[in-house]
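Following: one structure in structure tokens, then a few remarks.
The values are calculated or read from the model by the stated rules, or taken from the named source; none is laboratory data. Note that the structure is predicted; figures quoted are calculated from it, not measured. FYI the Cβ positions are ideal-geometry reconstructions off the backbone, even for glycines, and counts take in every protein chain you see. The area values use the complete protein model at the heavy-atom level, side chains included, leaving out ligands, DNA and RNA. Shrake-Rupley method; radii C 1.70, N 1.55, O 1.52, S 1.80 Å.
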Amino acid sequence: MKSFRTEIENPLVEKDIIDLEKKIHEFKSGVIPEQKFRSLRLARGIYGQRQPGVQMIRIKLPYGRVTSKQLIAIADISDEFSTGILHLTTRQDIQIHYVSLDRTPELWAKLEQDDITIREACGNTVRNITASDKSGIDPNEPFDVTPYAHAAFSYLLRKPFGQDLGRKIKIAFSSSDEDSAFTYIHDIGLIPKLKFVNGIEERGFKVLLGGGLGAQPFLAQTAFEFLPENKVIPFIEAVVRVFDRHGERQSRHKARLKFLINKIGLAEFLKLVDEEATAVVNKEYAINRSIPVAIAPDHKAYTHIKLADEAAYKIWLATNTFSQKQSGFYGVYLKVQLGNITTAKARQLANIVSLYAADDIRITINQGFLLRFVSEDALLPLYIQLKQLELIEPGFDSVGDITACPGTDTCNLGISNSTQLAKELEQVIYEEYPELVYNRDIKIKISGCMNACGQHALAQIGFHGSSFKVGANVVPAVQVLLGGGTFGNGQGRISDKVIKVASKRAPEVLRTLLDDYKLNAVDEEKFNSYYERNGENYFYQLLKSLGDNSDLKKEEYLDWGSTESFKTAIGVGECASVIIDLVATLIYEAEEKLDWSAEAFDNGSWSDSIYHSYSAIISGAKALLLDKQVHVNTQHGIINDFDKNFVETGDIKLVSSFKELALKINQQEASKEFAEEYFAKAKTFFSLIKGYRQSKEEAQTV
């Protein structure tokens, strides 16, 4: 495998890839425990599938941007290492499946040749930073948020404080108050704002904290109505650092930022963020607003084309295109069913883009594509080319454009099939309710389980995979949710759980809802107004007969797309990694982090060195606490309990308290002198840890 390394120019990336290869070897040799290795590979975008022995690779594309060249490169890699299918995700990533673990370092190396990373695409890290696909061309935006999303991605990548969190952190930038990036369900959400002081324009963001979906959805709370642009990156860093120290680590179901803020309150959380400001290197962080912007290709004179079906073209124009804020140019949306596209189509699409649009393709959060800077006279020839690829289905982001996660196709947590159900429901819309391709008020979203990767909890009509028993049989089911949606400016509504029905009855659920809405909505009433006016019980009664399981037909015992008897087969979910509590692993981690600290110091990265030293101290302390059967659920708890159980008892002799040693990290600014001093103290502490552990093991063998 040595040949691929020499083609990587970035030494940090090369080190990452060599390290991954080394860790795979150590895992297979039994040196690294499985739990630790799982954490390591997830942080590098390598996710275990439902099918044993193969991996899903998540390719991290900040704010969903991909160039034609990159799209071709990803397609080539899918053909070489995977199945020839690309999956577009609701977080603007691309995933490929069925990859051999042994080949992942080579795959990563090939991606990096085109400036594409898989680093921190999974696991307990800062995940891909999403943004409105219209950013930069949105007629309603105060300013382009693309440079800010890019700056946040670049700044946070590989930062020590974001590598081993209690759970993942998700960040989103919306382009306007329309909030098309759904900031209200993110850990950190940002909406651009302008204000004028003495006639001078100032840029900033409304900042929201603590949102999230999953089994217990929370709406984000407003931290700032206006945070100046140069304070955004320092604030995000402080938030992540506080979450790392105070976030839950014992129970993964309570480990998201939303639970921490709900537990201590937003005011107390922001107080901790303020206290962290001393340790944050950049008190202000200027954003480079002038990152390169792709524009349309040179103007061409296109041959006049006579269409056989003018009506279909007009529907497509009305539902899949919009006028950009740049006069004379259009954004063109491509609906991609379930986000799945073959590599052959992806290559052809990349070539078409180079002829008719800017070299700046955006993956949308509903699993499609946005092409940008298409001139008016290029729309028709572009349509003709896209038609040959079967990428002109109308109704982008409409009722008929259903979002669904992969569910039981590949995910360990999937309960019932979400992908085939989405296809069935889309067929109902297009065949029985064709007028709804113009309706963007109602969104239908499906997840294979309650964890909401398909975003069912923010849909007007949502479904998530479930099951129930009838006698000795298990029946595939869906939970029906209604009334969710985006209000704008960081406000939204989580949908209500209304009723559970057999999966095969979901199409009839949809028909019943749409028919009743059509019959009873008043004065062009929006779906959510109609839902609120009637109330949850009205809809329960409306659908109650479909929830009656006394007359299930034979086919309703089978899941969509299956001919075999249904059974739930839920494995270990890796969406947020797992909690690692092995004593030997923690000591191994501490030693490894000390090595990282020394390396960062040698490279002049004082702040990184300090954080690695802190992490080594915490890992070592946790190892001894665990060895004493003292279970703690936060780093803050480790700091308090170590003093009680080891320092005050005299088992570990320190010059100061352990709390004073550990918390020097947020009481002094990063400097060469402090980094050197803190590393020395961390190294001494680790020696004490190893000595205590060794003496205990020796005593047990006597």
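Descriptive notes on the structure:
- Ligands, DNA and RNA are left out, and with a 1.4 angstrom probe the accessible area of the stretch 112-255 is 28 Å² per residue.
- In degrees, nearest ten, helix 506-520 long axis to first principal axis of the chain (Cα): 60
- For Gly84, the amide hydrogen comes within under 5 Å of the amide hydrogens of Asp79, counting only partners 5 or more places away or on other chains and with H modelled in the peptide plane.
- The C-alpha atoms of the stretch 103-230 occupy a region whose extents along the principal axes are 57, 37, 26 Å, arranged from largest to smallest.
- Applying 1/(1 + (r/R0)^6) with r as the Cβ-Cβ distance of Asp377 and Ala286 and R0 = 30 angstrom yields a FRET efficiency of 0.15.
- Prolate/oblate/rounded label for the stretch 262-376 (Cα gyration tensor, a/c 1.5): prolate
- Annotation: extensible slack from Ser29 through Lys423 equals 137.4 nm (criterion: 0.36 nm per residue apart, minus Cα-Cα distance).
- Each other residue within a Cβ distance under 14 Å of Ile233 adds +1 if Lys or Arg and -1 if Asp or Glu, for a net charge of +2.
- In this structure, the amide hydrogen of Gly492, modeled 1.01 Å from its nitrogen in the peptide plane, lies closer than 5 angstrom to those of Phe487, counting only residues at least 5 positions away or on a different chain.
- Between Leu12 and Leu688, the simple label model (points 7 Å from Cα in the Cβ direction) yields a spacing of 3.3 nm.
- Relative contact order for the stretch 88-192: 26 percent, from Cα pairs under 8 Å spaced at least 6 residues apart, divided by residue count.
- Summarised in one figure, the compactness ratio Rg/Rh of the stretch 1-103, Cα atoms and Kirkwood Rh, is 0.96.
- Note on the chain: with charges restricted to the Cβ of Lys and Arg (+1) and Asp and Glu (-1), its dipole about the Cα centre is near 1120 debye.
- With R₀ fixed at 35 Å, the C-beta to C-beta distance from Asp548 to Asn340 puts the FRET efficiency at about 0.50.
- Note, ³J(HN,Hα) from phi for the stretch 241-255, Karplus 6.51, -1.76, 1.60, rounded to Hz, x at Gly and Pro: 5, 5, 4, 4, 7, 9, x, 4, 10, 7, 9, 5, 6, 10, 9
- Largest first, the three principal axis extents of the alpha carbons in the stretch 88-144 are 47, 25, 19 Å in whole numbers.
- Calculated P(r) of the stretch 482-536 - Cα pairs past 14 Å, %: 62
- For the stretch 293-436: Kirkwood Rh in Å [reciprocal of mean 1/r, alpha carbons]: 16.3
- Summing Lys and Arg as +1 and Asp and Glu as -1 over all other residues whose Cβ lies under 12 Å from the Cβ of Gln460 gives a net charge of +2.
- With the convex hull of the Cα atoms taken as the outline of the stretch 601-641, the averaged projected area works out to 3.1 nm².
- The calculated FRET efficiency for Tyr540 paired with Ser154, based on their beta-carbon distance and R0 = 51 Å, is about 0.55.
- √(5λ) per eigenvalue of the Cα gyration tensor, the stretch 204-332, largest first, Å: 45, 22, 12
- Of the trypsin sites (Lys or Arg not before Pro) in the stretch 93-154, not one is in a loop by DSSP (not H, G, I, E or B) with at most 10 other beta carbons within 10 Å.
- Nitroxide proxy distance, nm - points 7 Å out along Cα→Cβ at Phe468 and Ile295: 6.0
- One decimal place: the segment Lys628-Glu310 gains 106.9 nm when fully extended, by the rule 0.36 nm per residue minus the C-alpha distance.
- Tail weight of P(r) past 35 Å, computed on alpha-carbon pairs of the chain, percent: 46
- Volume per residue for the stretch 322-379 equals 79 cubic angstrom (convex hull of Cα atoms).
- Amide H partners (placed H, <5 Å) of Thr117, local residues excluded: Lys60
- HN-Hα J in Hz across the stretch 99-111 - Karplus 6.51, -1.76, 1.60, θ = phi - 60°, x for Gly and Pro: 9, 6, 4, 4, 9, 5, x, 5, 4, 4, 4, 5, 4
- Distance distribution note for the stretch 582-692: the fraction of Cα pairs above 17 angstrom is 49%.
- Whole-percent carbon and sulfur share, accessible surface of the chain, 1.4 Å: 50
- Put simply, when 12-23, 371-382 are sorted by average Cβ atoms within 10 angstrom per residue, most first, you get 371-382, 12-23.
- Scaled radius of gyration (Cα, divided by 2.2 N^0.38 Å) that the stretch 398-530 gives: 1.03
- The 3J(HN,Hα) values that the Karplus relation (6.51, -1.76, 1.60; θ = phi - 60°) gives for the stretch 33-45 are, in residue order, x, 4, 4, 5, 5, 4, 4, 5, 6, 4, 5, 10, x Hz. Gly and Pro appear as x.
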